[in-house]
Every structure is written in structure tokens, then in C-alpha cells.
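The values are calculated or read from the model by the stated rules, or taken from the named source; none is laboratory data. Quantities reported herein were computed from a predicted structural model and do not represent experimental measurements. Cβ placement follows ideal geometry from the backbone for every residue including glycine, while neighbour counts extend to all protein chains displayed. Note: areas computed on protein heavy atoms with side chains; ligands, DNA, RNA excluded. Shrake-Rupley method; radii C 1.70, N 1.55, O 1.52, S 1.80 Å.
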Amino acid sequence: MTTNYELYKVFYWAAKTGSLTQAAKALYITQPSVSHAIKQLEESFGLTLFYRNSKGVALTQEGASLYSYIEQSQILISLAEEKMAALKNLDNGELRIGGSDSLFKHYMLSYIEEFHIQYPNIKLHLSHGTTPEVITFLKEGKIDLGVVRMPIVDPQLEVRESIQLKDCFVAGERYAQLKGKVLTLEMLLEHELILFSRNSRVRMAITELFNSYNYTLKPEIEVGSVDLLIEFARRGLGISYVTREFISKELENGSLFEIQLDVPLPPSHVGIMTKRNMPISSAANRFMDLIFKGQTG
């Protein structure tokens, strides 16, 4: 048997207030409408749910049994409505973001900090990984959005370009003799190179550039951390390929300097990635607004 939820709501308020008039006021309907709804419900069960008394109406034994269930469901519905309102107003909920350590630290940190200040009751969950791992997190529903290096070509994903970064080769004081010089790619390959792991977007881009000039990149050191790229170059272990925006402090204080080349290096683009045709949470929407408004403001 399928019964209209509205009939149960009328039943609930009539039982709760003990008055058809008060139930009508609570539901913003007429008293005859309340009486009709109760009659429909009684007919559908084939049972009498109320009897009249001097104060209004009271539950029969069968009505009391039904009320014990309807009351619980009404409480749950009210809690659900409150939860939805809290999620909409960002008074509750969570935000799950995936990305690399370097993008979290050097690009996303200020946005995450601002979001946390504005919405302190939203729980933040950060999932670290490579671009392929972040894509998997997103497809499996483990994160709401991913912050990745582009390009990303996947029909299941939607990527909105965020900012452009500039990558460059840098070295420490051990390579001071290269300051002010313009090197060819061949000259650069004469020195020890430190590169990010092979499955990274940055590594793929610089490898493609060298291949286009018929050169093969053979780094002496490969690492999986931008912080190690920076530290190894600073200590003179080789020449690192890093994102310029991530080493502004080192370039400013002189612990690192940029190696000048006679060919342009490819820029990097950061994208905010979501699952196509899949609605995202209010928290994720607000976070994306924060990022893109911050870049245009």
C-alpha cells in the first residue's frame, strides 16, 4: 500500500497538537482539509485512528501505534532538512581536495587558509598524489575536486584552467660560473641535472621539448618532491628544473639563480578538475569561486 506523505504529515500534527484546528494552522491549510486527510488515511488502513473528546481529538490504540513510527520519521525528516540547510549555508559539511604536495604548498595554501577562516565548520580533507592518482581519487568519488597540471584529456572529467606557471632551470653557488651566460640545450646537458619523477606533467613537458630538438634527457638525480629539487640545487648537487613561482624566495635571496637558455621553455597550466555531469557540494562550489574570484579580483 502506498500512501501520500502529506496524509502522514496531517496525521502527525493532529496527533501532536490534539486539535484539528491547530493542525490546520501548523500546516497552513483549512480544518476541513485536515478532516478529509485523516478520513483518507483511516480508509486506506481500514482502522480508526482518532476519537473526539472534550479538548479536541485523541489517538486510538491503533492511532498511537502508527504515531510511534510517524513521529520517528518526522524527527528524521526535520533533522535532514536542518542538515541540508547547514550544508547550503556552509555551517556544516566537508571539502575534499586532491593534488600534489607542491601545488598544495605553493599554490593552494593561501586559498585553503582563507576558506577555513570564512567557513571554520567545514572539515577539510586533503589527498596527496600524482596527477594519475588524483584522477583516480576523483573518479572513485574520494575527492570533490582535484588540482592538477594540465593538459588533462578525459571525457569523464571537466577541467577549468586556473593559472599559468613558468618552469625554469636553477642552480646554486657551485654553478656560479654560469651566471649571466646563455646556454644551449647541448651545453646544459653537459652538467648534472635533477628532475622530477618521470610520471609528472612537468617532467613530460620538458622531456618533449628536448626530444623536439633531438636531445635525450638523462638526469643524474630523480626525485618525487619539489622541496628536494630546490634543496639539492641549493646545495650544489646539480641543476634542477622547478617552477619559478615556487622559488621566489630563493631567487630573491640569491641562494638560487636561473639558468638562461637560448630556447623558450614551455609554460605550465594548473587546472581545477571535477567529474563531468556530476553535481558538486556547496563547499566545493564556494571554494572554486574563491579561487577564480581571487585571480580576477
Can you tell me which condition T207 does not meet? The list is (1) among the β-branched types (V, I, T); (2) touching a residue at least 12 places away in the same chain (Cβ under 8 Å); (3) not in a strand (DSSP E or B), and all the others hold. (2)
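Would you point out the residue of the stretch 212-237, among those that are of a type in the set (D, E, K, R) and more than 19 Å from F257 (Cα to Cα), that is surrounded by the fewest Cβ atoms within 10 Å (Cβ to Cβ)?
From the stretch 212-237, those of a type in the set (D, E, K, R) are 218, 220, 222, 227, 231, 234-235; that's our starting set.
Restricting the remaining residues to those that are more than 19 Å from F257 (Cα to Cα) gives 218, 220, 222.
Numbers: K218: 9, E220: 12, E222: 15.
The extreme case among them is K218.
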Within the stretch 1-15, which residues are touching a residue at least 12 places away in the same chain (Cβ under 8 Å) and assigned to a helix (DSSP H, G or I)? E6, L7, Y8, K9, V10, F11, Y12, W13, A14, A15
Those residues of the stretch 20-57 which are touching a strand residue (DSSP E or B) at 6+ places or on another chain (Cβ under 8 Å) and open to solvent by less than 20 Å² (accessible area, probe 1.4 Å) amount to L20, I38, L49, V57
Name the pairs: first residue in the stretch 63-81 and closer than 17 Å to T17 by Cα, second residue of a type in the set (S, T, N, Q) and open to solvent by less than 50 Å² (accessible area, probe 1.4 Å), Cβ to Cβ under 8 Å, at least 6 apart or on different chains? none
Starting from the stretch 168-185, take each residue that is closer than 15 Å to L256 by Cβ and list its partners that are acidic (D, E), counting only C-beta distances under 6 angstrom and pairs at least six apart or across chains. C168/E258; V170/E258
Which of the residues spanning the stretch 229-242 are within 35 Å of the chain's Cα centre (by Cα) and in contact (Cβ under 8 Å) with a residue 12 or more places away in the chain? L229, I230, F232, A233, R234, I239, S240, Y241, V242
Expected single match for assigned to a loop (DSSP other than H, G, I, E, B) and either in contact with a strand residue (DSSP E or B) (Cβ under 9 Å, 6 or more places away or on another chain) or modelled with pLDDT of 95 or more (or both) among L217, L228 is L217
Does the stretch 252-276 hold any residues that are in contact (Cβ under 8 Å) with a residue 12 or more places away in the chain, open to solvent by 50 Å² or more (accessible area, probe 1.4 Å) and in a loop (DSSP other than H, G, I, E, B), and which are they? D262, R276
So L49 passes all but one of these: (1) at pLDDT 95 or above; (2) under 30 Å from H125 (Cα atoms); (3) not β-branched (V, I, T). Which condition number does it fail? (2)
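Please find, among L109, L138, the residue that is at pLDDT 90 or above, part of a helix (DSSP H, G or I) and open to solvent by 60 Å² or more (accessible area, probe 1.4 Å).
The match here is L109.
Just one of L189, L145, L209, L185 is more than 20 Å from E250 (Cα to Cα) and either surrounded by fewer than 13 Cβ atoms within 10 Å (Cβ to Cβ) or in the same structural domain as M288 (by the TED database) (or both); which is it? Walk me through how you get there before you give the answer.
Working: L189 fails: either surrounded by fewer than 13 Cβ atoms within 10 Å (Cβ to Cβ) or in the same structural domain as M288 (by the TED database) (or both); L209 fails: either surrounded by fewer than 13 Cβ atoms within 10 Å (Cβ to Cβ) or in the same structural domain as M288 (by the TED database) (or both); L185 fails: either surrounded by fewer than 13 Cβ atoms within 10 Å (Cβ to Cβ) or in the same structural domain as M288 (by the TED database) (or both).
Unique residue meeting the criteria: L145.
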Considering only residues of the stretch 164-182 that are part of a strand (DSSP E or B) and surrounded by 13 or more Cβ atoms within 10 Å (Cβ to Cβ), which is modelled with the lowest pLDDT? L165
